[in-house]
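Asks: I'd like to ask some things about the structure below.
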Amino acid sequence: MAISILGYILLAVYVLALTYITFYCMMQFHLLYHYQKNRKVIDNEDLLNVDFDVPFVTIQLPIFNELYVTERLIDNITKFDYPKDKFEIHILDDSTDETLEISKRKVEEYKAKGFNIELIRRDDREGYKAGALKYGMQFVKGEFIAIFDADFLPNPDFLRKTLPYFKDEKVGVVQTRWEHINEDYSLITRLQAFQLNVHFTVEQKGRDAGDFLLQFNGTAGVWRRETIDSAGGWEADTLTEDLDLSYRAQLKGWKIAFREDIGSPAELPAEMNGLKSQQFRWMKGGAETAKKMLPTVWNSDISIFKKIHASTHLLSSTVFLCVFVMGVFSVPILYFLIPLGIDSNYFGVFLLSLVSIIFVYYVANVDQEWKKGSKLWLILKFIFIFPVFLALSMGLSLHNSVAVIQGYLGRKSAFIRTPKFDIKGISDSFKKEKYQAKKISSVTIMEGLLSLYFMAGVYYGYSIGNYTFIMLHVLLTLGYGATFYYTVKHRGV
């Protein structure tokens, strides 16, 4: 009797996790519907030719210990095709290493060339990036504020292409699409691009087209200063200050205009520890922002459908917690299926989640972002990459679940920036002395053990002739195994 009760409890938790995953995937499919329905490219030249006063713009560059990319960032910004007397550059440098000297040198260099450029430095790093942006606001002279992280290389016409959209007085933010300068560097960078392509097409444009709440992505966008002030300014109580301010601004009535047609090149994390650092910040910050903003969203006067989409968006990091639970519970459930008389065919309904997400990723990558090669080649490429992407996502689910749980529990941690190494091609290396993780965490050890756990699940399912979860367990074995392997391989020595 006790065994049966345990079996039903495990099954209930497993089904709840699968249900949430399926719901999330169907909401993604709904964004795909809106994306496809409104998929058209607006001729940006029409806006550029409209009479538009050239406003004064402040460009903020928040930097912390970015030795390898700071110089190229500053050099790149000074190449903007915009009147030199109509913009200022503020380098918000909290660095504690040689990066600060690079910033000082570049400021002197470009001041001598007539640029309005300043180094703005604080006595401490309170509030991390949000704190730097908030501190920098007191020096801002521009009506509009463009923000770029250290690894970005915006095109010279960035301001000319984004500013005309502020002719709509309701637009408070213009966000551009991230492009990837090192996508082909490794399998890890290809898989990141594979996922980010979905966010910067189907997700962002789908929310924009459906009139749902979307987000400023922390960089490669322009804010109307009035929007920041009216929404309460930058706050450092979450690790995703960009998502937090985006929601506060939209709930004040401002619009975020997402421009899929304007690309902003950037460098992807090239090694596993950097990727994990970025994922941890995004997942934990997402949970913190959900905890903070969900009550405000549901107490607002926006439509119920907007509230549901906003909730799915804010709770998106929770999907990893459900993936982790679903995976771990699937192994013991194999044992209980026959004693409990459960027909595994009932689980077929949850294939809706897989089918819907396949469509989402296919459209974002094959139809939109991948430009090189024949259609047949792109389809074959997708057939290879998609299961590998699923495996890696599952392999990161423990790491991301820890971040999500910490976020909901209110456990505070530092804003750990993702180090970049000026990697553009396969000949470049991230194996440099600085910024590499050197310790193996307990989570990494657990990832290795989970790979063995799911390998045992593959063997057990095969030995009893029950193949219900065999592909799932193969993917989990490979995902956790690869995450463990690359985390250890990429640590500094």
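Asks: Of the listed pairs K111/K255; K104/K412; K84/K292; K284/K489; K37/K412, which have alpha-carbon separations greater than 30 Å here?
Replies: K111/K255; K104/K412; K84/K292; K37/K412
Asks: If you don't mind, another one. When we measure straight from the Cα of K375, which aspartates and glutamates land under 18 angstrom away, once same-chain ones fewer than 8 places off are left out?
Replies: By straight Cα distance, K375 reaches D367.
Asks: Okay, next question. Hey, got the dipole for the chain? About the Cα centre, +1 on K and R Cβ, -1 on D and E Cβ, debye to the nearest 20? It would help to have the intermediate numbers written out before the result.
Replies: Values: 55 positive and 54 negative charges, 165 e Å.
With only Lys, Arg, Asp and Glu charged at Cβ, the dipole is about 800 debye.
Asks: If you line up the long axis of helix 241-251 against the longest principal axis of the chain, both from Cα atoms, how many degrees apart are they, to the nearest 10?
Replies: 80
Asks: Follow-up. Loop only per DSSP, at most 14 neighbouring Cβ atoms within 10 Å: give me the trypsin sites (Lys or Arg not before Pro) in segment 245-292, ordered by residue number. Don't skip to the end; give the middle numbers.
Replies: Details: sites: R248, K252, K255, R259, K276, R281, K284, K291, K292; in loops: K252.
Passing both the DSSP loop test and the Cβ count: K252.
Asks: Now for a separate question. Can you list the HN-Hα couplings for segment 10-25, worked out from phi with the Karplus curve (6.51, -1.76, 1.60; θ = phi - 60°), rounded to whole Hz and with x for Gly and Pro?
Replies: Working through the residues one at a time gives 4, 5, 5, 5, 4, 5, 4, 5, 5, 4, 5, 4, 5, 4, 4, 5 Hz.
Asks: I want to check a number: in segment 133-221, how many lysine pairs have alpha carbons closer than 25 Å, given a sequence separation of 8 or more or different chains? Don't jump to the answer; show the numbers that get you there.
Replies: Details: K134/K170; K141/K161; K141/K167; K141/K170; K161/K170; K161/K205; K167/K205; K170/K205.
Counting lysine pairs in segment 133-221 gives 8.
Asks: So, one more: Please give the per residue volume of the convex hull enclosing the alpha carbon atoms of segment 234-289, rounded to a whole number of Å³. It would help to have the intermediate numbers written out before the result.
Replies: On the way: hull volume 6.0 nm³, N = 56.
Cα convex hull per residue, to the nearest whole number: 106 Å³.
Asks: Now for a different question. Rank the residues L398, L452, L268, L376 as a footprinting-exposure proxy: fewest other Cβ atoms within 10 Å of their Cβ go first. Before the final figure, lay out each step's value.
Replies: On the way: L398 22, L452 13, L268 25, L376 8.
Fewest-to-most Cβ neighbours within 10 Å comes out as L376, L452, L398, L268.
Asks: Multiplying the sequence separation of K111 and V54 by 0.36 nm and subtracting their Cα-Cα distance, what value in nm do you get? Intermediate values should be presented prior to the final figure.
Replies: Numbers: separation 57, 0.36 × 57 = 20.52 nm, distance 2.20 nm.
18.3 nm is the gain from fully extending K111 to V54.
Asks: Then there's this: What chymotrypsin sites (Phe, Trp or Tyr not before Pro) in segment 93-190 are in a loop by DSSP, with at most 14 other Cβ atoms within 10 Å of the Cβ? Before the final figure, lay out each step's value.
Replies: Numbers: sites: Y110, F115, Y128, Y135, F139, F144, F148, F152, F158, Y165, F166, W178, Y185; in loops: F115, F148.
Taking segment 93-190 and a limit of 14 other Cβ atoms within 10 Å, no loop chymotrypsin sites (Phe, Trp or Tyr not before Pro) are found.
Asks: Right, something else. Taking other Cβ within 10 Å of each residue's Cβ, how do D151, D301 sort, fewest first?
Replies: Working: D151 26, D301 5.
The fewest-first ordering by Cβ neighbours comes to D301, D151.
Asks: Please list the non-local residues whose amide H lies under 5 Å from the amide H of V171, H modeled 1.01 Å from N, same-chain partners needing a gap of 5 or more.
Replies: Counting only residues 5 or more places away or on other chains, the set is K255.
Asks: Within segment 161-247, report the GluC sites (Glu not before Pro) that DSSP leaves as loop and that have at most 12 other Cβ atoms within 10 Å.
Replies: Values: sites: E169, E179, E183, E203, E226, E235, E241; in loops: E169, E235.
For GluC sites (Glu not before Pro) across segment 161-247 that sit outside H, G, I, E and B with at most 12 neighbouring Cβ atoms in 10 Å, the list reads E169.
Asks: Continuing with the same structure: Sort D157, D242, D53 so the one with the fewest other Cβ atoms within 10 Å of its own Cβ comes first.
Replies: Details: D157 14, D242 24, D53 9.
Sorted ascending by nearby Cβ count, the order is D53, D157, D242.
Asks: Right, another one. Give the Kirkwood hydrodynamic radius (Å, one decimal) of segment 170-263, defined as one over the mean of 1/r across all pairs of different Cα atoms. Provide the component values of the computation, followed by the final result.
Replies: Details: mean 1/r = 0.0715 Å⁻¹.
Averaging 1/r across every pair of different Cα atoms and inverting gives 14.0 Å.
Asks: Would you mind giving the average projected area, over all directions, of the Cα convex hull of segment 100-146 in nm² with one decimal? Working shown, then result.
Replies: Numbers: hull surface 16.0 nm².
So the mean shadow area of the Cα hull is 4.0 nm².
Asks: Under 13 Å from the Cβ of A220, count the other residues' Cβ atoms, weight Lys and Arg +1, Asp and Glu -1, and hand me the total.
Replies: Details: positive: K161, R177, R259; negative: D149, D151, E179, D242, E260, E267.
In short, -3.
Asks: In square nanometres and to one decimal, what's the mean projected area of the convex hull around the Cα atoms of the chain?
Replies: On the way: hull surface 99.1 nm².
Mean shadow area of the hull around the Cα atoms is 24.8 nm².
Every read-out reported here was derived from the displayed coordinates using simple, explicitly stated rules and does not represent laboratory data. Since the model is a prediction, treat every value here as computed from it, not as a measurement. All Cβ positions, glycine included, derive from the backbone under ideal geometry; neighbour counts span all protein chains shown.
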